[in-house]
Amino acid sequence: MAQSSSGASDMAQQGAQWLQGLKETAMSMTQREKKDEDEGYSPFHGLQKSAVLQECRCFNDREINARRCITILTKILWLLSQGDKLTRLETTEVFFGVTKLLQAKDQQLRRLIYLVLKELKPSPEEVIIVVATLTKDMNSKMDLYRANAIRVLGAIIAATDPTLLAQIERHLKQALVDRNCFVAASALVSGIHLMHVNGEVVRRWVNEVQTALQSDNQSVQYHALALLHQIKRQDRLAISKVVASLTRTPLKSALAQCLLIRFAKKVMEEDPSGETRDRALFDYLEASLRHKSDMVIYEAASAICSLTNVTQRELSPAITVLQLFLCSAKPCLRFSAVRTLNKVAMVHPIAVTPCNMDMEGLINDGNRSIATLAITTLLKTGSESGVERLMKQITSFMSEIADEFKIVVVDAIRAMCLKFPQKHRVLMTFLSNVLREEGGFAYKKAIVDTILIVIGKVPEAKEAGLAHLCEFIEDCEFTLLSTQILHLLGMQGPSTQDPAKYIRFIYNRVVLENATVRASAVSALAKFGIQLNYLRPSIILLLQRCLFDNDDEVRDRATFLVALLKGIEGGGVGIGGLNARQLLMEPLGLPLHAIEISCKEYLAKPSDVPFTLANVTVAPEMLQKERKAAATKAATAAAADNPTTARAAPERHVEAEADLLSKLPQFVHLGQRFSSSKRAALSESGTEYEVSCLKHVYSSHLLLQFSVNNTLEDQLLENVTVAVDVSSTPGLAFESELPCSAVPFGQPGDTFCCLRRVEGLPIGSFGCTLKFLVKDVDPAKGMPEEDETGYDDEYHLEELEIAAADFMKRVPVVDFREAWDTIGGGCEVVETFSLSYNSLKQAMDAVIDYLGMQICENTGNPAESARTHTVLLSGVFLGGVQVFAIVNLRTDSAKSVGMRLTVRSAEMGISQFVASSVA
Amino acid sequence: MGLFKRLFGQITPGKNKVRILCIGLDNSGKSTVINWLKPKKAMAQDVVPTVGFSVEEFTKNGLSFTVFDMSGQGRYRNLWEHYYKEVGGIIFCIDSTDHIRMCVAKDELDALLEHEELRSVPILFFANKMDLPQAVGPVQCVQNLELSKITDKPWHIAASNALTGEGIDEGITWLGTQMGRAARAK
Ligand SMILES: Nc1nc2c(ncn2[C@@H]2O[C@H](COP(=O)(O)OP(=O)(O)OP(=O)(O)O)[C@@H](O)[C@H]2O)c(=O)[nH]1
Ligand SMILES: [Mg+2]
């Protein structure tokens, strides 16, 4: 919880600094050059911490020398901002020294004292000494004292003891509406910080914050908006109301306007109704494109560009203003515009093409960051013919730009390769050239990853790519990259034209590198040996040389692999019942972590039975972790502009995860999973507890996986189960359940219920009840009190349905007619129905859903006007029986569709069951 | 520098400024003592328990004093020592009616006397609240706190009533002289 709230405040702070940040990034190049010319550009350059601490002694002097103290305090702040760390003891010393200066009246000194007190972060035991003094200053007549004291106190309270807030709440509340804008802004900023530690108190200030929002002052209005958002953060409805009303009455402050644009975008993205875009808010974004401040215009344009599922039409006004920015005299505007367009170009290259002319103008921009982004954008939007020219241009200054921009270039080249596979030669050459140059790990990794992806996608590029990589590992300082490449060589090398040429490169690693790389090289060699008979004897020879390696891992691998290869040489397929090819060439079906734990358990309790992978079990928590990891992976894949893999990944992952279920210790006996249903919601979204269910079918069991999401921030659910009432469903018996130990707010958890099929194929629906122990949680802390015992509660869910389709797996056949004839009419069942649907298409979709079978030979798309249609379906029924069906549909009247269903399978009982399931 | 100035060295800029520390258990009357020393118009009507510390200024006998009035509450006492460095003098307030906590006061005092940085720093004790009937006299305080054992620094004890100011001037004058002497010796 703490995390999400800090995210929101980050956003608020970023708001204030975004322009600054952009400027700095844009200027960093010029700055860097300057620095090179003129080493001592800062008066504090090369300052020694110890020397400054020495100077701090003068804080103890009887007479305070304001000038001198000001310099010293500035130095301390400089050190802290440079990342210098003071030890506990040093902090204490400086802190108490500074408190002695609190007697000073000098305004400038005073301001620095407050700053240092805030930045030093003294320990809670020490900091109490200044609380009273600051409280006094908070009531001073001097605005400077008041404002600063509020900031420091706010920071101290947030960092040490939130309960102190009650003592000063009255003052803070007053300060929120202080006539002096500096004081008011300080109180608002403190409120933003305090929100995380004592939200309850801050929420009571909502009226004052609303008043502050009306302020004429830029900064006050901006901070008031940020705080108001924080206060209402948990209430999606309230937020959207606030945003909607503010978008109607324009805010004076440009900063606040920028913030509002961000909030508006967030509301649009989080809109539960999902699909449709909130028109009013989008119009607001669009209207902001005509604001008089560049900052607001940019913010709006960038918001529109990053909307999910943004359409070409929606983009075009934003692109137009960004295009204008491209020609601005201010480097900062050019930079931000080109950076944003660069991102858009990844997803919507067409939308950005109108800017191509202006982009061309930036290719030679004095600011290399801008030039790089312009070129990479052009690479994404341009035509195939321009590739060579752009590549030449970028090559000319590749050595002048920073690594992070080089990565941008590499990313663009990856996209190019996939778009224009014919250009792979030029691009690969470029990649291999840059691979040879100096660069940090992240940059080199980006290049290697790109080559790997291109090899995977463009078969013609494979040989050249592998050759480049081979050359790279000859002189690669990054172990991680070397091992990754060696692995790839092992997988891909054997299927190339001349596999033997890679052996030398790989074997060189065995001779020259560290143990980790040597071990990878050994494994890679073995992969050649397994696949290529003619190379095997020489590989064995090479591996035998590794048998005396001084590293255990290398030696163990070599020993094992030599034995394996000799086994194959002797005519076997592997060793000790292990198939060599499977062992080395295919991924493990289990998380490594699970195997590790099982190994440890086995070692702790050795038994006579040898350890096998089949006995490895997976804990529910690990399942959860795996899922999270996969989700982030999918998200990064999506971010890496690879839409196809991004979409496919989660699906594949759901399958893999479902397979792991029978590795849960409780469910090992279920055996191989037959199929899994789609996720069915058992409660409406947005209710207190959102529950959905996946049904997994096993040969004689039904495993129900309930995902529970707790949407109440003030509750912790423990020992969560879903009770299912199977009494009215004959043939099903409750067997066991696996509760979810805890479901905190916003972190969904899984609970399982295992049902056994006693007889037949039970279908029907049954009641479900969520049962759990509730503990009250203080949202500020995110945890229940120690002594909280909680109480049992229940929550009724919608009924869960088991249908015939759950026992069917969608499996296509290659030639339906042939299969249909082969199976014959021995076990054929024909049924006719009259279905009340308005259209043929609706009726067809419904029937397919009921049957749960796969559409064959593209028969799933009836013509718009068709009055009759035939669908061919195939599937595999539980137990592995193939089932085929022909569905003839005919529109009878406006409200009814006639259907004839013909089912064939190898078993009469199954044919009948399937045919009757539509009724 | 003229002869006159040399004799009354305190007048030299910087040298007529002194920093002192006022400590003692909570409720012993530290803030009340300091309050009485302040100029009439800066005086507070009622004194509340100090939180942390507060800095006060006043002049007495041509010396301008900056006083750190520390809080005497338990959790602040171990922070006193951070203010020992470079101080000119110490005022230690004793609530002479608080018989029970006299030993606590002694413990705190002993810790203070041990401190290297306070060596030869003059220390003035007020046996405060002398107006109240249960009050014990200064002699009794000297005995209870074993003040006679102090040998490495000048010390002095005065019975005082911080509400009326009785005894305070006498004590501060002693402290001023001691500090003047120390300053001239430097
Ligand atoms: N009768 C009497 N009361 C006194 C005298 N001096 C102080 N008091 C009272 O004693 C109480 C405590 O006085 P403070 O000055 O706040 O004591 P303190 O030592 O500053 O206490 P802390 O700041 O908590 O460490 C107040 O109610 C004063 O009025 C005195 O000489 N005679
Ligand atoms: Mg006090």
Conditions (1) more than 14 Å from chain B (Cβ to nearest Cβ); (2) in a loop (DSSP other than H, G, I, E, B): number failed by A:I64: (1)
Checking the condition under 19 Å from A:D278 (Cβ atoms) and surrounded by fewer than 20 Cβ atoms within 10 Å (Cβ to Cβ), which residue from A:T320, A:T308, A:T353 passes? A:T308
State the number of residues belonging to region B:141-161 that are among the basic types (K, R) and either within 15 Å of the chain's Cα centre (by Cα) or within 16 Å of ligand 2 (Cβ to nearest atom) (or both). 1
Checked region B:36-63 for anything within 19 Å of B:G165 (Cβ to Cβ), within 12 Å of chain A (Cβ to nearest Cβ) and more than 12 Å from ligand 2 (Cβ to nearest atom); matches are B:E57, B:L63
Condition first: open to solvent by 60 Å² or more (accessible area, probe 1.4 Å), modelled with pLDDT under 85 and among the β-branched types (V, I, T). Can you find one or more residues in region A:799-817 that meet it? yes
Only residues in region A:67-84 that are under 15 Å from A:E55 (Cα atoms) count as the first member; pair them with residues that are outside any helix (DSSP H, G or I) and of a type outside the set (D, E, K, R), Cβ under 7 angstrom, at least 6 apart or cross-chain, and list the lot. A:K75/A:F44; A:K75/A:L47; A:W78/A:F44; A:W78/A:L47; A:L79/A:L47
Residues that are within 11 Å of ligand 1 (Cβ to nearest atom), among the hydroxyl-bearing types (S, T, Y) and either more than 14 Å from the chain's Cα centre (by Cα) or not in a loop (DSSP other than H, G, I, E, B) (or both), drawn from region B:27-60: B:S31, B:T32, B:T50, B:S54
Please go through region A:428-448 and pick out each residue that is of a type outside the set (S, T, Y) and either outside any helix (DSSP H, G or I) or open to solvent by 40 Å² or more (accessible area, probe 1.4 Å) (or both). A:N433, A:R436, A:E437, A:E438, A:G439, A:G440, A:F441, A:A442, A:K445
Within region A:510-524, work out how many residues are under 12 Å from A:E553 (Cα atoms) and open to solvent by 40 Å² or more (accessible area, probe 1.4 Å). 2
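Name the residues in region A:570-592 that are at pLDDT 75 or above and open to solvent by less than 90 Å² (accessible area, probe 1.4 Å), would you?
Listed by number, the list holds a single entry, A:G570.
The rows are residues; the columns are (1) within 14 Å of another protein chain (Cβ to nearest Cβ); (2) closer than 22 Å to B:I100 by Cβ; (3) in contact with a strand residue (DSSP E or B) (Cβ under 7 Å, 6 or more places away or on another chain); (4) more than 16 Å from ligand 2 (Cβ to nearest atom).
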residue: B:E116; (1), (2), (3), (4): no, no, no, yes
residue: B:P122; (1), (2), (3), (4): no, no, yes, yes
residue: B:P133; (1), (2), (3), (4): no, yes, no, yes
residue: B:V139; (1), (2), (3), (4): no, yes, no, yes
residue: B:G167; (1), (2), (3), (4): no, no, yes, yes
residue: B:E170; (1), (2), (3), (4): no, no, yes, yes
residue: B:T177; (1), (2), (3), (4): no, no, no, yes
Residue, nearest to A:D84 (Cα to Cα), within region A:115-138, restricted to residues that are facing chain B (nearest Cβ under 10 Å) and surrounded by 22 or more Cβ atoms within 10 Å (Cβ to Cβ): A:V127
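Please determine whether any residue of region A:77-92 is open to solvent by 20 Å² or more (accessible area, probe 1.4 Å), under 46 Å from the mean Cα position of the chain (by Cα) and within 11 Å of chain B (Cβ to nearest Cβ).
Scanning region A:77-92, I find no residue that is open to solvent by 20 Å² or more (accessible area, probe 1.4 Å), under 46 Å from the mean Cα position of the chain (by Cα) and within 11 Å of chain B (Cβ to nearest Cβ), so the answer is no.
Matching residues to (1) outside any loop (DSSP other than H, G, I, E, B); (2) open to solvent by 10 Å² or more (accessible area, probe 1.4 Å):
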| residue | (1), (2) |
| --- | --- |
| A:Q842 | yes, yes |
| A:P862 | no, yes |
| A:S865 | no, yes |
| A:V876 | yes, yes |
| A:F884 | yes, no |
| A:T891 | yes, yes |
| A:G898 | yes, no |
| A:V918 | no, yes |
For region A:762-798, name all the residues that are within 21 Å of A:P730 (Cβ to Cβ), in contact (Cβ under 8 Å) with a residue 40 or more places away in the chain and open to solvent by less than 50 Å² (accessible area, probe 1.4 Å). A:P762, A:F766, A:G767, A:C768, A:T769
If we scan region A:103-114, do we find a residue that is within 11 Å of another protein chain (Cβ to nearest Cβ) and over 15 Å from B:M70 (Cα atoms)? yes
Being more than 16 Å from ligand 2 (Cβ to nearest atom) and at the interface with chain A (Cβ under 10 Å from one of its Cβ atoms) is the requirement here; does B:K17 meet it? yes
If you scan region A:237-263, which residues turn out to be free of Cβ contacts under 8 Å to residues at least 60 places away in the same chain and within 22 Å of the chain's Cα centre (by Cα)? A:F263
Of all residues in region B:20-35, which are more than 9 Å from ligand 2 (Cβ to nearest atom) and within 14 Å of chain A (Cβ to nearest Cβ)? B:I20, B:L21, B:I23
Wholly within region A:287-383, helices (runs of 4 or more DSSP H) carrying at least 2 residues that are acidic (D, E): A:294-305, A:356-362
Can you find a residue in region A:206-219 that is under 19 Å from A:L172 (Cβ atoms), open to solvent by 20 Å² or more (accessible area, probe 1.4 Å), touching a Ser or Thr at 6+ places or on another chain (Cβ under 9 Å) and assigned to a helix (DSSP H, G or I)? yes
Selection over region A:234-261 where residues are surrounded by fewer than 23 Cβ atoms within 10 Å (Cβ to Cβ) and touching a Ser or Thr at 6+ places or on another chain (Cβ under 7 Å) yields a count of 1
Any residue in region A:145-160 that is closer than 27 Å to A:C58 by Cα, over 41 Å from the mean Cα position of the chain (by Cα) and open to solvent by 10 Å² or more (accessible area, probe 1.4 Å)? yes
Considering only residues that are open to solvent by 40 Å² or more (accessible area, probe 1.4 Å) and modelled with pLDDT of 85 or more, which ones fall in region A:723-743? A:D725, A:F734, A:E735, A:E737, A:P739, A:S741, A:A742
Filter region B:64-101 down to residues that are away from chain A (no Cβ under 11 Å) and of a type in the set (S, T, Y) and give me whichever is farthest from the chain's Cα centre (by Cα). B:T97
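The values are calculated or read from the model by the stated rules, or taken from the named source; none is laboratory data. In this text the structure is predicted, and so the values were computed from the model without any measurement. Note that each Cβ is placed from the backbone with ideal geometry, even for glycine, and that neighbours are counted across all protein chains shown. When the accessible area is computed, the model is the full protein with side chains, heavy atoms only, and any ligands, DNA or RNA have been set aside. Shrake-Rupley method; radii C 1.70, N 1.55, O 1.52, S 1.80 Å.
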